[in-house]
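Below is one structure, written out as structure tokens; the observations come after it.
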Amino acid sequence: MDIYEFAELVGSGAYLLETIPFVLFILSKYAEDSEEAIVKVISYSKDSDAIGAIVGSVIGALHGAKSFPER
């Protein structure tokens, strides 16, 4: 399932039962590519600021600040 289909099925808004599954889906697909994970969250979620903050925090905790591009 691609990210668009998942977002349509589960949702990606500011409701906890949408946010957590969406975060876990993004992390399962893009945890190794921090930049792509953030781009996907911003592009496909309805609550991109909160979901992006959660995804960024988890990726930072897993891989450290060096996993994010300097720019």
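All conditions but one from (1) surrounded by 14 or more Cβ atoms within 10 Å (Cβ to Cβ); (2) not in a helix (DSSP H, G or I) apply to residue 60; the one that does not is (2). Among residues of the range 12-37 that are free of Cβ contacts under 8 Å to residues at least 40 places away in the same chain and more than 14 Å from residue 49 (Cα to Cα), those with a beta-carbon under 7 Å from a residue that is of a type in the set (A, V, I, L, M) and surrounded by 19 or more Cβ atoms within 10 Å (Cβ to Cβ) at least six positions away or on a different chain give the pairs 26/37; 26/41; 26/55; 27/55; 30/37; 31/37; 31/59; 34/59.
Could you tell me which of the residues 36, 5 is out of contact with any helix residue (DSSP H, G or I) (no Cβ under 6 Å at 6 or more places or on another chain) and among the acidic types (Asp, Glu)? Full working, then the answer.
Details: 36 fails: out of contact with any helix residue (DSSP H, G or I) (no Cβ under 6 Å at 6 or more places or on another chain).
None of the other options fit; the residue is 5.
So is residue 70 part of a helix (DSSP H, G or I) and modelled with pLDDT under 95 or not? Answer is no for this residue.
With the structure loaded, tell me whether residue 18 is surrounded by 13 or more Cβ atoms within 10 Å (Cβ to Cβ), of a type in the set (Asp, Glu) and either at pLDDT 90 or above or touching a Phe, Trp or Tyr at 6+ places or on another chain (Cβ under 8 Å) (or both) or whether it fails that test. Steps first, answer last, please.
Working: surrounded by 13 or more Cβ atoms within 10 Å (Cβ to Cβ): yes; of a type in the set (Asp, Glu): yes; either at pLDDT 90 or above or touching a Phe, Trp or Tyr at 6+ places or on another chain (Cβ under 8 Å) (or both): yes.
Yes: the conditions hold for residue 18.
Do we have residue 35 as in contact with a Pro (Cβ under 9 Å, 6 or more places away or on another chain) and surrounded by fewer than 14 Cβ atoms within 10 Å (Cβ to Cβ) here? Talk me through it step by step, then tell me what you get.
Details: in contact with a Pro (Cβ under 9 Å, 6 or more places away or on another chain): yes; surrounded by fewer than 14 Cβ atoms within 10 Å (Cβ to Cβ): yes.
Taking the combined requirement at face value, the residue satisfies it.
For the range 5-33, a tally of residues being under 17 Å from residue 62 (Cβ atoms) and either outside any helix (DSSP H, G or I) or basic (Lys, Arg) (or both) returns 4.
The values are calculated or read from the model by the stated rules, or taken from the named source; none is laboratory data. None of these values were measured; they are calculated from a predicted model. No Cβ is skipped: glycine too gets one built from the backbone with ideal geometry, and neighbour counts run over all protein chains shown.
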